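Engineer: Let me give you the structure first, and then I'll get to my questions.
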Amino acid sequence: MYDDLKQAIKDAKKIVFFGGAGVSTESGIPDFRSENGLYNAKQNYGRSPEEMLSIDFFESDPVTFFDYYKKNLIAKDVKPNKAHLALAKLEEMGKLTAVVTQNIDGLHQAAGSKTVYELHGSVQRNYCRSCRTPYSLDFIMNPANCKDGVPICPKCGGVIKPDVVLYGECLDDSTMYSSIKAISECDMLIIGGTSLVVYPAAGFVNYFDRNKAGHKLVIINKSSTSQDAWADIHYAQPIGEVLGECVL
């Protein structure tokens, strides 16, 4: 099964993986953009996830922001799934040069991946907005370090912000450059667990030279994407199942 992808991986010299929420949902992390996620946000807060996860909302109502953030974006007991583990193994084999992810959970690193470009940041990193002191996820989740649920810097009294890109914020320049460079230099781009609807990140896949001889575009996603017509290999199956079968 999946013999065409197995052969393509064998032939490839520089693979880059570009992934989204569908990679982590197989580990039990819900997608806040799903129907359930949108419904729960509207029912419990009267607002959309996009509004509550904006920099403007963070600054105007940090109490509600952190209540939503901690309940919906933090899943501390989850573990990497077969997709994460397969990608880490491909890197160890010298096949995969980079993971470019829209996810903020840190599961790629937990699986062993070393070169990971986190376009939207990570919940694992946090910093004081005033003095820039870094803090761990455990620190901001500890009620003893918070006031009304908002984590406070013990050094200067400033509010601690997760190192995630909120709506209304720009992506990190260095992360963008490194991601685009990796994608433009690879001979196989695997797009997985993303419908490619979140920009500007989704536009990065256009830097892959799909017309060069020997290059392969692979899409593994249960729903359709804007790149399906260009794919050399396309599976509408769970990404953990496909990569697990091909690599592990």
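The values are calculated or read from the model by the stated rules, or taken from the named source; none is laboratory data. The shown structure was predicted, so the numbers you read here are calculated from the model rather than taken from an experiment. FYI the Cβ positions are ideal-geometry reconstructions off the backbone, even for glycines, and counts take in every protein chain you see. For the accessible areas, the whole protein counts, side chains as well, though only heavy atoms, and no ligand, DNA or RNA atoms are used. Shrake-Rupley method; radii C 1.70, N 1.55, O 1.52, S 1.80 Å.
Engineer: Going by the conditions given, is Glu91 open to solvent by 10 Å² or more (accessible area, probe 1.4 Å), of a type in the set (Asp, Glu) and closer than 13 Å to Phe17 by Cβ?
Structural biologist: Yes: the conditions hold for Glu91.
Engineer: Report those strands (runs of 3 or more DSSP E) wholly inside region 93-137 carrying at least 2 residues which are more than 17 Å from Leu53 (Cβ to Cβ) and touching a residue at least 40 places away in the same chain (Cβ under 8 Å).
Structural biologist: In region 93-137, the matching strands (runs of 3 or more DSSP E) lie at 96-101.
Engineer: Here are some conditions: (1) within 21 Å of Gly20 (Cβ to Cβ); (2) in contact with a helix residue (DSSP H, G or I) (Cβ under 7 Å, 6 or more places away or on another chain). Phe57 meets all but one. Which one does it not meet?
Structural biologist: (1)
Engineer: Report yes if some residue within region 121-140 is closer than 19 Å to Thr194 by Cα and modelled with pLDDT of 95 or more; otherwise report no.
Structural biologist: yes
Engineer: Oh, and also: Go over the candidates Glu185, Glu169 one by one and state the one that is within 23 Å of Lys95 (Cβ to Cβ) and among the acidic types (Asp, Glu).
Structural biologist: Glu185
Engineer: Identify, by number, the condition in (1) farther than 30 Å from Ser113 by Cα; (2) part of a helix (DSSP H, G or I); (3) open to solvent by 70 Å² or more (accessible area, probe 1.4 Å) that Phe57 doesn't meet.
Structural biologist: Every listed condition holds for Phe57 apart from (3).
Engineer: Shifting gears a bit: Need pairs with beta-carbon distance below 6 Å; first residue over 17 Å from Asn103 (Cα atoms) and surrounded by 19 or more Cβ atoms within 10 Å (Cβ to Cβ) and within region 168-194, second among the small types (Gly, Ala, Ser) and modelled with pLDDT of 95 or more; sequence gap 6+ or separate chains.
Structural biologist: Sorted first by the residue in region 168-194, then by its partner, the pairs are Ala182/Ala98; Asp187/Ala12; Met188/Ala12.
Engineer: Identify the single condition in (1) open to solvent by 40 Å² or more (accessible area, probe 1.4 Å); (2) more than 17 Å from Glu59 (Cβ to Cβ); (3) touching a Gly at 6+ places or on another chain (Cβ under 8 Å); (4) aliphatic (A, V, I, L, M) that Ile152 does not satisfy, given that it satisfies every other one.
Structural biologist: With (1) open to solvent by 40 Å² or more (accessible area, probe 1.4 Å); (2) more than 17 Å from Glu59 (Cβ to Cβ); (3) touching a Gly at 6+ places or on another chain (Cβ under 8 Å); (4) aliphatic (A, V, I, L, M) applied to Ile152, the lone miss is (2).
Engineer: Can you pull out every residue in region 7-31 that is assigned to a loop (DSSP other than H, G, I, E, B), in contact (Cβ under 8 Å) with a residue 12 or more places away in the chain, under 12 Å from the mean Cα position of the chain (by Cα) and surrounded by fewer than 24 Cβ atoms within 10 Å (Cβ to Cβ)?
Structural biologist: Ile29
Engineer: Only residues that are charged (D, E, K, R) and under 15 Å from the mean Cα position of the chain (by Cα): list them for region 76-113, please.
Structural biologist: Lys79, Asp105
Engineer: Being over 25 Å from Thr225 (Cβ atoms), of a type in the set (A, V, I, L, M, F, W, C) and part of a strand (DSSP E or B) narrows it down to one of Ile160, Ile140, Ile190, so name that one.
Structural biologist: Just a single option satisfies the conditions, and that option is Ile160.
Engineer: Let me ask you something else. Kindly provide the set of residues from region 172-203 that are of a type outside the set (Val, Ile, Thr) and modelled with pLDDT under 95, ordered by number.
Structural biologist: Across region 172-203, the qualifying residues are Gly193, Ser195, Leu196, Tyr199, Pro200, Ala201, Ala202, Gly203.
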